[in-house]
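Comments concern the structure below.
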Amino acid sequence: MRNKTALIKRTTARSNISRLANIPEASLVLHDAPDCEHSGAKRFHLEPPTFCCSGGEISIVAPPMPYDLKRLFIDSDEESTHFRNNVRTYNNNLGFTSFAAKYDSELTKNAKGVYTFRVQGQVYHFLDGFIHLDDKPSEIQLYFFDTDEELAKRLGNSDKLRESTLKLLMRVLSDNPYARFFKSLRDVPNIDNLNIVLNCYPSLDQRVYNLPSISQVAAMWTESDDQSSDRLLQQFSVDVYVKIETSRLDFYRHRQNKIRFEILQGVLDSVSVGQTAASKVGRKVILPASFIGGPRDMRRRYLDAMVLVQNYKKSNIFLTMTCNPAWKEIQENLKYHEKPQDRPDLLVRVFRAKFEMLKAEILNKQIFGEIVACVYVIEFQKRGFPHAHLLLILKPGHKLLNSESYDKVVCAELPDKDRYPHLYSLVVKHMIHGSCGDMDKSCSCMRDGTCKNRYPKNFCAQMTHGEDTYPYYRRRDDGKRVKVRRFTLDNRWVVPYNPYLLALFDCHINVKICSTLKLVKYLYKYVFKGYDLVSFKIISCESADDIDK
C-alpha cells in the first residue's frame, strides 16, 4: 500500500511538471464579469458583486459635469489637446487655495517614462489673504476682481494659458457655489478693516479653545514653465493618500495611553527602551503593530514568515510578477485619450485578477508540484505599477534537486523563434535586461560604472550552483541574437523566466531557484522590507528630545 501511494505521488508530480512543457500559444484573457446591477459599475473577473456599493446599500451621487468642461477632456480638437497638456497650470490658476508639499522636483521634471508626483510628509492647502499686498494676486484673491480685470490678471500669471480656454473655464466656474460665495464678498463694506484673531482668554474652556501649539512650515508647490504639467489625477491621488495616512497616524498619536499599556509600565521600562530623561517618561509616541506598513507590522510579518522556514525549511522558488500596462483588459477600458498611468485604479484591479489566477496555477493546479507553504507581498514601483514577490516552499517529494529539474522550471535563454513565436515575442518584450554597461552608462541599473544586477551574465553550458547565491542558469552560446534598443544582445542578457507562465500571462515574470540556505534570510527580509521611508526629527535646543515614531 505504501509503495502504491508513493507511486501515485510520483506520477502526480510528473504530471504537474509536464504541464510546464505545454507552452500556451496565446496569453490569458480575463473572463467577462457582469456589471453591478445596482450602480452599473464595471466589474472584473474574481471581483465580488458587492465590491462597489455593498449590494446597493451605498449610493454615490455625482453631480453632472458641465458639457463645456467635459468637452475639453474628451474631444480631440486643438483647444482640448492644449487644455489636457496644461491641465495642472489651469487647475493651479483657478484654484481657491495653493497646494503645499515637499515634493521630489527632480522626479517631477523627469521627461522619461511615466510622470511621477511624489511627496514627503504632510500636504497642505494654503488659503491666502483676501486682499493682495503686491502687484501679482493669486488663488482666492483673483475672485474679488471684475471679470475683465480677473481675466487679464490670470493671463498675466502664466504664459501657458490661452484666453479663450480661460474664459470658458471662468464661465463654468460662475455656477460654482463656492465661487459665487467668494465673489459676493466683494460687496461687503469696509472689508479692509476686518481681521481674524485667535482668542486665548482664560475664561474660555481651554480644552476646546486651546491655541495651536506649533506652527507648521511647508514648501509651496509652484508651477514653472520648464516643469511637466500633465496628469492632474496623480497630484490628486497623492494628496488624498497623504491625508488618509495622516489621519491614521493621528489616530494612534491620540491613543498612546491605550496602545503602550503593555510596553511602558514604569520608569525601568522607559529606561530599557532608551528614555533617560525623567521629564520624558511616558511621552514616547510609538506605532503599534496594528499600523499597516509600519516597522512593527513588517517585523511581525517577517517573523511569521520565518516560522514557516523553521517548520518547512528553506524556500525553493522566488517569483516576481509585474503589472503590464499593455494588457488588453487595461487598454480596452481607457477613455478619452487616457494613458495607463492615468488610471491607477484600473491597473490595480486588473493586476489583482491576474495575480489571483497566477496563484491558482501555482497553488491549485500545482504546476511546480505540491506547495506546503507560501508568502507573498504586493508593492508599487516608483512609477506606480504594482508588482508581487512570491516565495514558495515545496513538499519534500516535489523539491527541485538537480539541474534537470531546474531546467524544467527556469529558462534563461531565447526560445526558438519558429517553434514558439508567441513566447519568443514575450521574452524579447519583457525578459531582456539590456542595454546597460558600456552600451548605456546612464541606465538606471548602473552603480559605480557596473550593473547592479551583474548583467551581462557569463555563458554557461549547464546549470551550476553558486556560492551562497542563486544558481548559474544555463545560458548556451547557441548563436541566437536579438536587437533591442539599437543593440544586438544574446542569451547573456535574458532574465530567468518560466516559459509556461510568461506565455500565459504576458508580463514580466521573473522566476528564480533558491539554492542555498544562507539566501533565505535575505529573501524574506527583502520581501518584508516595507515601503521606502525617510527618517527625520525636529530638534529643539531648549528641551530634551521626544521620541516620536
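Could you check region 80-93 and list, in sequence order, the residues that are crowded, with 16+ Cβ neighbours inside 10 Å, touching a residue at least 60 places away in the same chain (Cβ under 8 Å) and out of contact with any Ser or Thr (no Cβ under 6 Å at 6 or more places or on another chain)?
Matches in region 80-93: HIS82, ARG84, VAL87, TYR90, ASN91, ASN92, ASN93.
Give the residue that is nearest to PHE181 (Cα to Cα), with candidates limited to residues of region 138-164 that are within 34 Å of the chain's Cα centre (by Cα) and hydrophobic (A, V, I, L, M, F, W, C).
Out of the qualifying residues, it is ILE140.
Being among the basic types (Lys, Arg) and under 15 Å from PHE99 (Cβ atoms) is the filter here; which residues of region 238-257 pass it?
Selection gives LYS243 alone.
Hey, could you check region 363-418 for residues that are under 24 Å from ALA326 (Cα atoms) and aliphatic (A, V, I, L, M) and say which is surrounded by the most Cβ atoms within 10 Å (Cβ to Cβ)?
ALA412
All but one of (1) modelled with pLDDT of 90 or more; (2) over 28 Å from ALA360 (Cα atoms) hold for MET446, so report the exception by its number.
MET446 satisfies every listed condition except (1).
Restricting attention to region 426-457, and to residues there that are touching a helix residue (DSSP H, G or I) at 6+ places or on another chain (Cβ under 8 Å) and in a helix (DSSP H, G or I), which single residue is surrounded by the fewest Cβ atoms within 10 Å (Cβ to Cβ)?
Top of the filtered list is HIS430.
Would you confirm whether or not region 462-484 contains a residue that is among the polar types (S, T, N, Q) and either surrounded by 15 or more Cβ atoms within 10 Å (Cβ to Cβ) or modelled with pLDDT of 70 or more (or both)? Break it down stepwise before answering.
Going residue by residue through region 462-484, those that are among the polar types (S, T, N, Q) are 462, 464, 469.
If we keep only those that are either surrounded by 15 or more Cβ atoms within 10 Å (Cβ to Cβ) or modelled with pLDDT of 70 or more (or both) as well, we get 462, 464.
Yes; the residues of region 462-484 include at least one that is among the polar types (S, T, N, Q) and either surrounded by 15 or more Cβ atoms within 10 Å (Cβ to Cβ) or modelled with pLDDT of 70 or more (or both).
Considering only region 326-368, state which residues are modelled with pLDDT under 90 and assigned to a loop (DSSP other than H, G, I, E, B).
Listed by number, the residues that qualify are LYS335, TYR336, HIS337, GLU338, LYS339, ARG343.
So, of the residues in region 150-165 that are of a type outside the set (D, E, K, R) and part of a loop (DSSP other than H, G, I, E, B), which turns out to be surrounded by the most Cβ atoms within 10 Å (Cβ to Cβ)?
Within region 150-165, the match that is surrounded by the most Cβ atoms within 10 Å (Cβ to Cβ) is LEU161.
Please specify each residue of region 29-79 satisfying the condition of being in contact (Cβ under 8 Å) with a residue 12 or more places away in the chain and at positive phi.
Passing the criteria: LEU46, GLY55, GLY56.
I'd like to know if region 270-279 contains one or more residues that are at pLDDT 80 or above and of a type in the set (Val, Ile, Thr).
no
The values are calculated or read from the model by the stated rules, or taken from the named source; none is laboratory data. Keep in mind that this is a model prediction, so the values were computed, not measured. Note that each Cβ is placed from the backbone with ideal geometry, even for glycine, and that neighbours are counted across all protein chains shown.
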